[in-house]
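The values are calculated or read from the model by the stated rules, or taken from the named source; none is laboratory data. Note that the coordinates shown come from a computational prediction; the quantities given were computed from them, not determined experimentally. Backbone-built Cβ (ideal geometry, glycine too); neighbour counts: all protein chains shown. These area figures cover heavy atoms from the full protein model, side chains too; ligands, DNA and RNA do not enter into them. Shrake-Rupley method; radii C 1.70, N 1.55, O 1.52, S 1.80 Å.
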Amino acid sequence: MPRIAVIPGDGIGLEVMREAVRVLEAVESRFSVGCELVHWDLGADRYLRDGVTITDDEFRALADDHDAVLLGALGDPRVPGNEHARDILLGLRFRLDLYVNYRPAVLLDPALSPLKNPGAIRLEVFRENTEGVYVDMGGTFKAGTRDEMAIQEDVNTWKGVERICRAAFEHAHTRGRGRVTLVDKANAMPAAGRLWRRVFAEVAADYGDVDNDAMYVDAMAMDLVRRPGRYEVVVTGNLFGDILSDLAAELVGGLGTAASANVHPGRHALFEPVHGSAPDIAGQGRANPMGAVMSAALLLDHLGAGEAAEVVEDAVRAAVAEGVRTADMGGSKTTEEVGTWIADRVLT
Ligand code: NAD
Ligand code: IPM
Ligand code: MN
């Protein structure tokens, strides 16, 4: 019986996770996947109450006693340094070595795109999830003075680059996608660029059936707005992947609909919407739960419940088509109304 750790977290994470759980419960009663959902109280409240972000034992339990994690969002204005979110979210990504951050952006309905003529968009971002500037190597010298110096190193290893490139090509190969595009900034950051481009070409050579090309990240940001339909699978580093996945989400219906999977294939997996805790709308029932629900669908697929995953995705598509939408998508429904509608649809 798969055990799923549910970490609602902070802000709208709590609201959207309630709906994702509602949908998973509907899935359970229709498909008997056998999921046991275990609620975890990690987030700003716990940190402010106990002074603890997450313990070694908790990391161990999440890694060893659960088959996957489903997370809402972390981030709270009462913790301006964001240290609890880094400890918990980046801690899980690093300690569970979840090196693939898979962020699909699929246009369900042309009317959802802010673009005039979006065409078909089916972009899948493979974001390296364990290296880059996120490792927080470096430091501060002469803090608080006018001589202050801040060094934030960008870490790229052969192992890290190779495995994310391979994951992207393997995905393209098995899912029949035509091309993998590398996104980097090799013109301004040549050391990292040389490593990424060499390893990308080596891995590409193993996949004769998949085309490949490379783009600088600035041009990519522009081209994603100009002709997003041109791109299929994108592989990139941690920071560029973070930025481009928000952009891609907005092109296909908004950040509130975007789902992600953080995976170490064969070992651990964590699913979460791409969006954050949205303090600007938290507690108002306005958050779009679709990104969280779509993340639950990715989780079901990961657990081998592909049919249930498709039913959930179809229910989200139906909600979009029938105008069951929150305000960010131009609708007037609450978070709970959208979640309940999707859960009911799953049951029918
Ligand atoms: P955000 O994603 O929380 O919000 C950006 C904008 O999108 C806001 O205007 C928000 O209202 C809107 N939005 C986001 N999700 C939405 C949804 N489901 N429905 C409707 N509108 C939605 O990004 P931010 O404001 O930069 O960050 C807020 C906090 O969240 C920060 O502490 C940040 O570090 C954190 N964060 C956490 C995660 C995560 O836990 N995975 C991801 C991103 C940001
Ligand atoms: C995301 C978030 C995180 C990131 C933050 C909260 C550290 O923006 O999951 O996209 O930058 O990876
Ligand atoms: Mn982000």
Notebook entry, point to check: Just wondering, is there one or more residues in the range 38-54 that are under 23 Å from the mean Cα position of the chain (by Cα) and more than 28 Å from residue 80 (Cα to Cα)?
Noted result: yes
Notebook entry, point to check: Looking at this structure, is residue 163 open to solvent by 80 Å² or more (accessible area, probe 1.4 Å), outside the structural domain of residue 328 (by TED's automatic domain parsing) and either in contact with a Phe, Trp or Tyr (Cβ under 8 Å, 6 or more places away or on another chain) or closer than 28 Å to residue 257 by Cα (or both)?
Noted result: no
Check: When you scan the range 186-199, how many residues do you find that are touching a strand residue (DSSP E or B) at 6+ places or on another chain (Cβ under 9 Å) and either farther than 20 Å from residue 100 by Cα or among the polar types (S, T, N, Q) (or both)?
Finding: 3
Notebook entry, point to check: Taking the range 239-258 on its own, how many of its residues are surrounded by fewer than 22 Cβ atoms within 10 Å (Cβ to Cβ), near ligand 1 (Cβ under 8 Å from one of its atoms) and over 10 Å from the mean Cα position of the chain (by Cα)?
Noted result: 2
Next item on the list: Hey, can you tell me all the residues within the range 222-243 that are within 16 Å of ligand 2 (Cβ to nearest atom) and in a helix (DSSP H, G or I)?
Entry: 238, 239, 240, 241, 242, 243
Notebook entry, point to check: Does the range 240-262 contain any residue that is farther than 28 Å from residue 325 by Cβ and either more than 15 Å from ligand 3 (Cβ to nearest atom) or in contact with a Gly (Cβ under 6 Å, 6 or more places away or on another chain) (or both)?
Noted result: no
Note to self: Anything in the range 259-301 that is in a loop (DSSP other than H, G, I, E, B) and open to solvent by 30 Å² or more (accessible area, probe 1.4 Å)? List them, or say none.
What the structure shows: 265, 266, 267, 276, 279, 280, 281, 282, 283, 284, 286
Notebook entry, point to check: Can you pull out the strands (runs of 3 or more DSSP E) entirely within the range 66-159 that have at least 3 residues that are surrounded by 12 or more Cβ atoms within 10 Å (Cβ to Cβ)?
Noted result: 68-73, 100-106, 122-128
Notebook entry, point to check: Under 7 Å by Cβ, and 6 or more places apart or on different chains, what pairs join a residue from the range 69-92 that is closer than 16 Å to residue 262 by Cα with one that is in a loop (DSSP other than H, G, I, E, B) and small (Gly, Ala, Ser)?
Noted result: 73/11; 73/276; 73/277; 74/43; 74/277; 85/75
Item checked: Complete set of residues in the range 45-68 that are within 16 Å of ligand 1 (Cβ to nearest atom) and in contact with a helix residue (DSSP H, G or I) (Cβ under 6 Å, 6 or more places away or on another chain) -> 47, 53, 54, 68
